[in-house]
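The values are calculated or read from the model by the stated rules, or taken from the named source; none is laboratory data. Just so it is clear, the model here is predicted, and its values are computed rather than measured. FYI the Cβ positions are ideal-geometry reconstructions off the backbone, even for glycines, and counts take in every protein chain you see.
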Amino acid sequence: MSDVMKKYIEDAESALLHTYNRYQIVLDKGEGVYLYDLDGKKYLDFVSGIAVFALGYHYKDYDDALKAQIDKVIHTSNYYYNVPAVEAAGKLKKVSGMDRVFFTNSGAEAIEGALKAARKYAYLKDGRTDHEIIAMNHSFHGRTFGALSVTGNPHYREPFEPMIGNIKFADLNDFDSVLACVNDKTCAIILETVQGEGGIFPATEEFLTKVRALCDEKDILLILDEIQCGMGRTGYMFAWQKYGIKPDIMTTAKALGCGVPVGAFLMTEKVGQNSLVAGDHGTTYGGNPLACAAINKVLDLFNEDNIIENVKEVAPYLEQRLDELKDKYDFIVDRRGAGLMQGLVFNRPVAEVIGRALEKGLILINAGSEIIRFVPSLIVSRKNIDDMIEILDSCLGSL
């Protein structure tokens, strides 16, 4: 490591709040599915900013669109309309089939808005303020108080108790556990269509179908969190679209802006007409022209450059190559996931493997202490997958 990189790391440790145990590299630039550190070392990236850079790094048409918007205006506030926000909302409605859009700055903020909309919807029905929300164990929805309150991992919540009240937890893909939580106070059920941080667990079609029917029967709102698994990652624009059901509210972020911090929560017209009104919710930066210019170009490029078609073509190959590793090493006990959101489950902590891979020029990330998560850019190729497997295999072989 060069003295320059060491100095930046030292300066970071003396200036930044230590809430991340960062890897000891300073990344400088990206190109396609590769990142480069300050010393010029090249890394094959199978994290893509935690499922953010769907188009990879330095995608020219995307970069050009942002540069053009910067030359116009970056921010105005939500007291005024702006063209990129109107166009982005229209495109997002079209690809999702939802009816109303609220732009946020992050996924956690999208969750906050979704929870507020659900409680306001219930409040307008009966005037009560004791409504309950059912969330899933092992889920992850964000670090803000509302999002943390519905995150099904006590380890994340305990130091910050009390959370917002009236939250119950059921188990993903266990419909009876959901039924056991339902009562006349239940106003919403929130879940990730594919759990990410919790271990790469997809919801089953049977489970989602039953939950949707339950919500219809009792006028409970179904909130689907598509922040990580959405935007084409599973081979569908949103993972729930595979199952023939539709949420009442959904959240999206990460690859929605492909690097520009932006998120959104969307809802049906029924919820939109019977929940949040002027003064109930707001954000200074949400929906600003720069962020929405990013959304516009991302959605255009998904269509023009057949991004989801590439996912459908290469994802089975990634599954095949990961299964080969699982069969080769007895300490790998499972492979699960959907599309280009995959996990290898080990019978031991994976930190050592991820560290060795980084030394060899491969960027990976965990999902829990014993799972390696694979969330590459959606432009990834079979050759990139082969290169990743070769490096990872060399790391596993030396365990």
Query - Residue count, segment 121-171 (criterion: among the hydroxyl-bearing types (S, T, Y), more than 17 Å from C215 (Cβ to Cβ) and either exposed (fewer than 14 other Cβ atoms within 10 Å of the Cβ) or touching a helix residue (DSSP H, G or I) at 6+ places or on another chain (Cβ under 9 Å) (or both)) - result: 5
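Find the strands (runs of 3 or more DSSP E) located wholly in segment 247-345 whose residues include 2 or more that are assigned by TED's automatic domain parsing to the domain that holds I220, among the hydrophobic types (A, V, I, L, M, F, W, C) and modelled with pLDDT of 95 or more, and list them. Show your work before the answer.
Details: elements: 249-252, 263-267, 332-338.
By residue number, 249-252, 263-267.
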Query - Positions within segment 185-210 being under 25 Å from I371 (Cβ atoms) and assigned to a loop (DSSP other than H, G, I, E, B), in sequence order - result: T193, G196, E197, G198, G199, I200, A203, T204
Query raised in the report: In the set D184, D216, D174, D225, which member is assigned by TED's automatic domain parsing to the domain that holds A108, of a type in the set (D, E, K, R) and more than 16 Å from I133 (Cα to Cα)?
Result: D174
Query raised in the report: What are the residue pairs meeting all of these: first residue in segment 286-312, first residue at positive phi, second residue in a helix (DSSP H, G or I), Cβ atoms under 6 Å, and 6 or more apart or on different chains?
Result: G287/A85
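For segment 190-201, indicate whether the set of residues that are in contact (Cβ under 8 Å) with a residue 24 or more places away in the chain, farther than 29 Å from P349 by Cα and more than 22 Å from the chain's Cα centre (by Cα) is non-empty. Talk me through it step by step, then tell me what you get.
Keep residues of segment 190-201 that are in contact (Cβ under 8 Å) with a residue 24 or more places away in the chain, which gives 190-201.
Retained after the next criterion (residues that are farther than 29 Å from P349 by Cα): 190.
Keeping just the survivors that are more than 22 Å from the chain's Cα centre (by Cα) gives none.
No, every residue in segment 190-201 fails to be in contact (Cβ under 8 Å) with a residue 24 or more places away in the chain, farther than 29 Å from P349 by Cα and more than 22 Å from the chain's Cα centre (by Cα).
Quick check: anything in segment 226-235 buried (at least 20 other Cβ atoms within 10 Å of the Cβ) and more than 22 Å from P261 (Cβ to Cβ)?
Kept after step one, since they are buried (at least 20 other Cβ atoms within 10 Å of the Cβ), are these residues of segment 226-235: 226-235.
In the following step, the residues that additionally are more than 22 Å from P261 (Cβ to Cβ) were identified as 234-235.
Within segment 226-235, one or more residues are buried (at least 20 other Cβ atoms within 10 Å of the Cβ) and more than 22 Å from P261 (Cβ to Cβ).
Which ones in segment 24-53 are out of contact with any Ser or Thr (no Cβ under 6 Å at 6 or more places or on another chain) and under 13 Å from V298 (Cα atoms)? First the steps, then the outcome.
Of segment 24-53, the ones out of contact with any Ser or Thr (no Cβ under 6 Å at 6 or more places or on another chain) are 24-32, 34-38, 40-47, 49-52.
V52, the sole residue that qualifies.
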Query raised in the report: In segment 262-272, is there at least one residue being under 23 Å from K383 (Cα atoms), in contact (Cβ under 8 Å) with a residue 12 or more places away in the chain and surrounded by 18 or more Cβ atoms within 10 Å (Cβ to Cβ)?
Result: no
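Limited to segment 20-45, what total is found for residues that are basic (K, R) and in a strand (DSSP E or B)? Don't jump to the end; show me each part of the working.
In the first step, residues of segment 20-45 are kept if they are basic (K, R); the result is 22, 29, 41-42.
Of the ones still in play, those that are also in a strand (DSSP E or B) are 29, 42.
Adding up the residues that qualify gives 2.
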